[in-house]
Every structure is written in structure tokens, then in C-alpha cells.
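The values are calculated or read from the model by the stated rules, or taken from the named source; none is laboratory data. Bear in mind that the values here come from a model prediction, so they are computed numbers and not experimental data. Because the Cβ atoms are built from the backbone with ideal geometry, glycine has one as well, and the counts that use them run over all protein chains shown. Accessible surface is based on the protein model in full, side chains and every heavy atom, while ligands, DNA and RNA are left aside. Shrake-Rupley method; radii C 1.70, N 1.55, O 1.52, S 1.80 Å.
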Amino acid sequence: MTRRAVIGAGLVAAACATFGAGLALPLFSVTPGAGEWTSLVKLVAADDFQTKTFTLVGGIGLLWSGGEKGLAVLLGLLSLLLPVVKLCVLWWESFAAGALPERVLAFFRIVSHYAMVEVFLVALTVLLVKGMPGGSYVALHAGTYAFAASVLLSLAAARCLSNHPGACRAR
């Protein structure tokens, strides 16, 4: 195994670990607010003003059970299935460099363009909630940072395992 492959395999292993952490850990929590009326509204509808914490899998389940099956499937594909496929391809490439057919690598390049989709969706949710009137609050949790780390590590692994002349050089 070449030095490049060892470094690439280490990056892929770290990307897999952080991806798993991103699935298991909460992404964010939302604390609803109603502005100056928050205290009064909490008396009437206390359950609606509880802080809600979301994980990726839990969020997809909520969308599915709430009738948003198309969005749940799309999120499942982009946030669960495609990253797993990408990590599998990277893992394979780190141990069997050049053994993957060109069609698989072409598919991998297409999948790589969607690597940041789940992080983008969390950021979009945060912006939407923060833009709502009433002082709702969104707190990011470790799952968001784990997903971001997984994406960055997988991009670094892909670059390291590529045939790019400057990839994975020790400085």
C-alpha cells in the first residue's frame, strides 16, 4: 500500500466515523418564541413552546409521518444513501487503487457535487427559523459539526486518492 493510499484510508476512516456521529448526534434544536407574548402563549399552549431537538433520521421520520414523503425520500437519498455510497467508493479506492470501473468513478464525481447538501439544509432551516418573528431560537449541536467534518474529510480523501500531482504531499 502506498503512502498516499494509507493517508487516504485514514481520511476515509475518519470521514466514516464523523458521518456515523452525525447520524447519531442531534443536529439542532428549536426553541419557539412569540415575542413579548411568549409567557402568555406558554400558559395556553405549553407543549407547542417546548424546545424540540432534531436528528437527521428523526427529522426524515417526522417528514414521512407528516405526509411529506417526497421530501423525506429526497433527504434520505441525499443525506443518508449518497454519502454512504461515496464513502464506500472512497474506501474501495484506498485499498484497490485503479480497480474501480470508470463508470463507478464517473458516478462518484456526480455524487460528490451533493456532498454538502445535508449541511446546507441545516443552515437553511436555521436561517428560516431565525427569520421568523417572535424570537424563536435555533441552537446547532454536535451532529451538524460532525456532518460538516465528514464532508470535509471525504473531500480531502477524494483529493488524496485522486491522480492529482499535488495531492497528499507531506510539506
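What are the residues in region 68-114 that are more than 19 Å from VAL12 (Cβ to Cβ) and either touching a Gly at 6+ places or on another chain (Cβ under 9 Å) or among the basic types (Lys, Arg) (or both), if any?
LYS69, ALA72, LEU75, ARG103
Restricting attention to region 95-108, does a residue exist that is more than 27 Å from ALA139 (Cα to Cα), acidic (Asp, Glu) and in contact with a helix residue (DSSP H, G or I) (Cβ under 8 Å, 6 or more places away or on another chain)?
Going through region 95-108, the residues more than 27 Å from ALA139 (Cα to Cα) turn out to be 95-108.
Pick out the ones that are also acidic (Asp, Glu) and you get 102.
Checking which are in contact with a helix residue (DSSP H, G or I) (Cβ under 8 Å, 6 or more places away or on another chain) leaves us with none.
Scanning region 95-108 turns up no residue that is more than 27 Å from ALA139 (Cα to Cα), acidic (Asp, Glu) and in contact with a helix residue (DSSP H, G or I) (Cβ under 8 Å, 6 or more places away or on another chain).
Against the conditions (1) modelled with pLDDT of 80 or more; (2) surrounded by 13 or more Cβ atoms within 10 Å (Cβ to Cβ), where does ARG103 fall short? Just the number, please.
Of (1) modelled with pLDDT of 80 or more; (2) surrounded by 13 or more Cβ atoms within 10 Å (Cβ to Cβ), only one is false for ARG103: (2).
Please go through region 133-158 and pick out each residue that is of a type in the set (Ser, Thr, Tyr) and either crowded, with 16+ Cβ neighbours inside 10 Å or farther than 14 Å from THR53 by Cβ (or both). Outline the logic, then answer.
Looking only at region 133-158, we keep the residues that are of a type in the set (Ser, Thr, Tyr), and these are 136-137, 144-145, 150, 154.
Listed by number, the residues that qualify are SER136, THR144, TYR145, SER150, SER154.
Report, ordered by the first and then the second residue, all pairs with beta carbons closer than 6 Å, sequence separation of six or more or different chains, a first member in region 22-39 that is under 19 Å from ALA146 (Cα atoms) and touching a residue at least 40 places away in the same chain (Cβ under 8 Å), and a second member that is small (Gly, Ala, Ser) and not in a helix (DSSP H, G or I).
Note: pairs meeting the criteria are SER29/ALA139.
For residues that are open to solvent by 80 Å² or more (accessible area, probe 1.4 Å), in a helix (DSSP H, G or I) and farther than 20 Å from LEU140 by Cα, tally how many sit in region 49-70.
Within region 49-70, the first condition is being open to solvent by 80 Å² or more (accessible area, probe 1.4 Å), and the residues that meet it are 50, 52-53, 57, 62, 64-65, 68-69.
The next check asks that each one be in a helix (DSSP H, G or I); those that pass are 57, 62, 64-65, 69.
Those still in the list that are farther than 20 Å from LEU140 by Cα too: 64-65, 69.
The qualifying residues number 3.
State which residue pairs qualify: first residue farther than 13 Å from VAL111 by Cβ and inside region 71-83, second residue open to solvent by less than 50 Å² (accessible area, probe 1.4 Å) and assigned to a helix (DSSP H, G or I) in any location, beta carbons under 7 Å apart, and separation of 6 or more residues or different chains.
What qualifies is LEU71/LEU63; ALA72/ILE60; ALA72/LEU63; LEU75/ILE60; LEU75/LEU63; GLY76/ILE60.
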